[in-house]
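Just so it is clear, none of the values below were taken in a lab; they were calculated from the coordinates. Note that this is a predicted model, so its numbers are computed, not measured. Cβ placement follows ideal geometry from the backbone for every residue including glycine, while neighbour counts extend to all protein chains displayed.
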């Protein structure tokens, strides 16, 4: 699949 | 595959300060780096979402407390999530999420 993480993660 | 849309109202602990107990990530297209939305990365053990039990890793966040994230850049969507959690969430003691989930092909 042509999906990748953009590197940003936040905790909610 | 197809996706189903689900609406969850997740109660926050009394103080609400611990939030949902969920970490979310931004995904993008490998080809052209187009933003493809915000997805659940992890559900923190013992947190509000974990206790509620319905949210799943890789669910895509579509709206928070009635505010749509669609059409926003990943960065704007995350800002919307952050703002909505702090103001709206604590006032109502719960967070309403609309998520999209891939349905396994039968």
In segment B:93-102, is there at least one residue being over 12 Å from the mean Cα position of the chain (by Cα) and farther than 16 Å from residue B:18 by Cα? yes
Has segment B:8-15 got at least one residue that is within 13 Å of chain A (Cβ to nearest Cβ), in contact with a helix residue (DSSP H, G or I) (Cβ under 8 Å, 6 or more places away or on another chain) and crowded, with 19+ Cβ neighbours inside 10 Å? yes
Expected single match for crowded, with 21+ Cβ neighbours inside 10 Å and out of contact with any helix residue (DSSP H, G or I) (no Cβ under 6 Å at 6 or more places or on another chain) among B:99, B:22, B:103, B:64 is B:99
Every residue from segment B:65-106 that is away from chain A (no Cβ under 14 Å) and part of a loop (DSSP other than H, G, I, E, B): B:66, B:70, B:71, B:93, B:103, B:104, B:105, B:106
Given the criteria in contact (Cβ under 8 Å) with a residue 60 or more places away in the chain and in contact with a strand residue (DSSP E or B) (Cβ under 8 Å, 6 or more places away or on another chain), does residue B:95 qualify? yes
Count of segment B:17-64 residues which are closer than 16 Å to residue A:9 by Cα and either part of a strand (DSSP E or B) or facing chain A (nearest Cβ under 7 Å) (or both): 20
